[in-house]
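A.B. asks: Here you go, one structure.
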Amino acid sequence: MEIGASVDKIGEKLYRLDARGYMCPYPQIFTLKAIERIEDGAVLEVLIDNPLSCENVPAIARKNGHEVLSVEKIGEGEYKISIRKRRA
Amino acid sequence: MERYEELFKEFSRRVEEYRSLGINPFSLATGCAVKVDLVTVLYPAIRSIKGELEKLGMSIAPRRDADIFPGSIDGFRLHREIYRSEGDVDPERLGKISPSRAIVLAQVYQRIADNPDSLAKVVRSIYSRVAQASPGIVIGKGHSIVTADPKAQFMLFDYIKVERGDGKLVVGNNDTIQIIDPAEDPGSPRQAAVALGNSLNDLYTLGAWRNAMIVPVIDSPSKELRRKIEDSMRIYAERVGARIVEAPQPEAGALLMGATVFAETDRKPPFFYDHVSPGMEILVTRPIGELASINVYMMSMLDREIAEELKKRSGIDIEKLLEIKNRIIDAMARPNIEIARIIEKRLPHLDEDYDPERHIAATTDVTGPGIYVIKELAELSRTSIRIEKIPLLSPELSEFATRNYIIPNATAGTNGAIVIIAKPRVIDEIEGELREKGEEPIRIGRVIAKGEARVAAPSTLKKYIAAKAYLKEFDLYEA
C-alpha cells in the first residue's frame, strides 16, 4: 500500500514532494522516504503548509546528513524546503 | 519481524478504513498537538487585538484552564452558534440572546495559524462583530486548534446567559481533539473517552465535578461515524455521572470530537498564586508525555527502519511499543474524577479564607505545552521553581521522539496529569490518597523563591524537548 505523499520528477536531478495538507510529524517521515528514492546529489523540494514541520523537516534532513539549501515562504503559510541528498 | 508484518497489515487496513470515510489519517493531529502554537502564535495574536476589542466592550479573560462565573448548572442558559465568517453573526439574534459571556472554539486552517498576524485577522473580524452585538460580553475561555482542511475552518460560540446565582460557581471549558490514535477505529469508545476526559480535565483540575454537563462537539464525515461517537460519549458521560445536552454541530465533514463542559462547585478555585511561597512542593498526579508513544508508533508503522532503530537504541521492539502505546491510551481514557474529589476537599469554601496549612495553592493540567505548564505557574505566582524530576511515562520513547523530530515537545499530553502546588504536609496527604486510588503521584520539585518567574530544570530536559521556543524558557542545570 502506498502511504503518504508522492514524489514527482520535475527536472534533471530535481524532485518535488508535495506534503501540503499533512500534519506534523508526517511531512518529516515522508521527506526521509522521498530522499531514499532519489539519486545521490539530487535536490528534493518539499512543499509544506504545516508550521511545525517548517522547523522539523530541515532539522531531520540535516540530522541525516543532507544539505538544506533553502527554506522559502511561497504563500500564506506555505513553504518550500530544498534539500540536496548527501553523496554516499 | 513477522509481528511487524502483521501489525503493518492491520495498520494499512485501518488507513484504508479512514480513507473510505474520506479522512486522511495523516492530516489529523493526535491529541492536543492540534492546538495553535501558544507561545509563538496564539498569545501574540490575542495581545494584538485585545485593546481594540476592549474598546468595543468585549473582554477576554486571561489564559487559564477554565471559565468561572457565579451561578449553578440549572441557573444559566446555553445557546450555541457556529460562524464561518463575520457575515454569519446576526446582531439582532445575538441581541435577543443577550449573553454575558461565551466559551469559544476556533478551528483554524493551518496556513492561517502559521503566524500571529493572519490568525489575528480572522479572529478580529468575527470577535468585533460579536462585541458590537453584545456589549460587555466576556470571552471566558477560548480554545484554538488547527485543521489541514480549509473547508473545516469555523468558530463555535457557546453563549452563556446567567439567570440566577444560587451561591455557587460554575466552571466551564471547551476542548477537542481530532483523533487520539489513528491506528484505532475513529468511533471507538477509547477515542471518545480521551476526548471527553480531556475536556473535563480542566474542570477536575479546579476541583469542580458536581452536576457535570457535557455539550458535545462532534464533526464527522459520515452519519454512521457520528452516531458511534455519540454512543461512545453517552457511555462515558454515564461513567462520570454527567448529563449530555444536545447543541448544533459544525457539519464541516472533518473529524473532530470533544465538548464544552460545565460543572458546579461551592469551593474557591485554586488560584491562590499570591500565596505560593518558598518551601511549597509540586506534585504531578502521574507521569507525563502521553503523545510521544502514539506518534512513535505511527512513525514506526510508516517506516520499518524507525521501528528497527528504536529496537537498536532502546531495546523496545514493535510488540513492546504497541503494549506501551495501549497502556498509555488506557490511562488517557481513564477519567481524573477521583483526583477532582481529592482536590475539592482541599479547597476553601466560598465563604472561607485560604489556609496554607490545609489548602492547595495552585493547580494546572499537563496538556499540549507539557512541562512548560510549570513555567506558566511560575509566571502566575511570580516564583522561582526548581524541577528535580521529569517524570515521563516512557523516557525512552520521549527521547526517541525528540531525537527524530517526531514531536517538538515529548513531554506533551492529552487528558494528562494534574500539577498541584501546596505545603509539604498537604502534599503528603494528597500523595497518600492518590496512591490509594491507584494513581502514581510524583513530587517533581519545589518553590525556591518569590519574585522573579523562573524555572530551573535538569539539563536532561533537552532530550525531551526539541522546540527551542519552549526550551529557552527553562534554566537548565546539570543534575
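The values are calculated or read from the model by the stated rules, or taken from the named source; none is laboratory data. Keep in mind it's a predicted model, so treat the numbers as computed, not measured. Don't worry about glycine lacking a Cβ; one is built from the backbone with ideal geometry, like all the others, and counts go over all protein chains shown. Remember, those area values only see protein heavy atoms, side chains included, never the ligands or the DNA or RNA. Shrake-Rupley method; radii C 1.70, N 1.55, O 1.52, S 1.80 Å.
A.B. asks: Name the residues in the range A:6-18 that are surrounded by fewer than 24 Cβ atoms within 10 Å (Cβ to Cβ) and either at the interface with another protein chain (Cβ under 10 Å from one of its Cβ atoms) or touching a residue at least 24 places away in the same chain (Cβ under 8 Å) (or both), would you?
C.D. replies: If the condition is that a residue be surrounded by fewer than 24 Cβ atoms within 10 Å (Cβ to Cβ) and either at the interface with another protein chain (Cβ under 10 Å from one of its Cβ atoms) or touching a residue at least 24 places away in the same chain (Cβ under 8 Å) (or both), then A:Val7, A:Ile10, A:Lys13, A:Leu14, A:Tyr15, A:Arg16, A:Asp18 are the ones that fit.
A.B. asks: Restricting attention to the range B:108-160, which residues are of a type in the set (Phe, Trp, Tyr), touching a helix residue (DSSP H, G or I) at 6+ places or on another chain (Cβ under 8 Å) and over 11 Å from B:Met58 (Cα atoms)?
C.D. replies: B:Tyr109, B:Phe157, B:Tyr159
A.B. asks: Also, quick follow-up: Might you let me know whether the range A:49-59 holds any residue that is of a type outside the set (S, T, N, Q), open to solvent by 70 Å² or more (accessible area, probe 1.4 Å) and closer than 19 Å to B:Tyr405 by Cβ?
C.D. replies: yes
A.B. asks: Residues of the range B:350-370 being aliphatic (A, V, I, L, M) and closer than 14 Å to B:Asn415 by Cα, which ones?
C.D. replies: Of everything in the range B:350-370, just one residue is aliphatic (A, V, I, L, M) and closer than 14 Å to B:Asn415 by Cα, namely B:Val366.
A.B. asks: Could you list all residues from the range B:397-414 that are surrounded by fewer than 22 Cβ atoms within 10 Å (Cβ to Cβ) and either modelled with pLDDT of 95 or more or outside any helix (DSSP H, G or I) (or both)?
C.D. replies: The answer is B:Glu399, and nothing else.
A.B. asks: Mind counting the residues in the range B:301-325 that are part of a helix (DSSP H, G or I), over 20 Å from A:Phe30 (Cα atoms), of a type outside the set (Lys, Arg) and open to solvent by 20 Å² or more (accessible area, probe 1.4 Å)?
C.D. replies: Final tally of qualifying residues: 4.
A.B. asks: Taking the range B:292-312 as the region of interest, how many residues are within 20 Å of B:Pro408 (Cβ to Cβ) and in contact with a helix residue (DSSP H, G or I) (Cβ under 7 Å, 6 or more places away or on another chain)?
C.D. replies: Of the residues in that region, 12 qualify.
A.B. asks: Search the range B:189-210 for residues that are assigned by TED's automatic domain parsing to the domain that holds B:Leu255 and pair each with any residue that is in a helix (DSSP H, G or I) and of a type in the set (D, E, K, R) when their beta-carbon atoms are under 6 Å apart and the residues are at least 6 apart or on different chains.
C.D. replies: Once the first residue is assigned by TED's automatic domain parsing to the domain that holds B:Leu255 and sits in the range B:189-210, its partners that are in a helix (DSSP H, G or I) and of a type in the set (D, E, K, R) give B:Gly207/B:Glu344.
A.B. asks: Sort out which residues of the range B:198-211 are buried (at least 24 other Cβ atoms within 10 Å of the Cβ) and outside any loop (DSSP other than H, G, I, E, B), and write them in order of number.
C.D. replies: Quick first cut of the range B:198-211, residues buried (at least 24 other Cβ atoms within 10 Å of the Cβ) only: B:198-209.
Residues satisfying the conditions are B:Asn198, B:Ser199, B:Leu200, B:Asn201, B:Asp202, B:Leu203, B:Tyr204, B:Thr205.
A.B. asks: Taking the range B:68-115 as the region of interest, how many residues are assigned to a loop (DSSP other than H, G, I, E, B) and more than 14 Å from chain A (Cβ to nearest Cβ)?
C.D. replies: The number of residues fulfilling the criteria is 9.
A.B. asks: Identify the residue in the range B:327-365 that is over 29 Å from B:Met213 (Cβ atoms) and exposed (fewer than 15 other Cβ atoms within 10 Å of the Cβ) and, among all such residues, is modelled with the lowest pLDDT.
C.D. replies: B:Arg327
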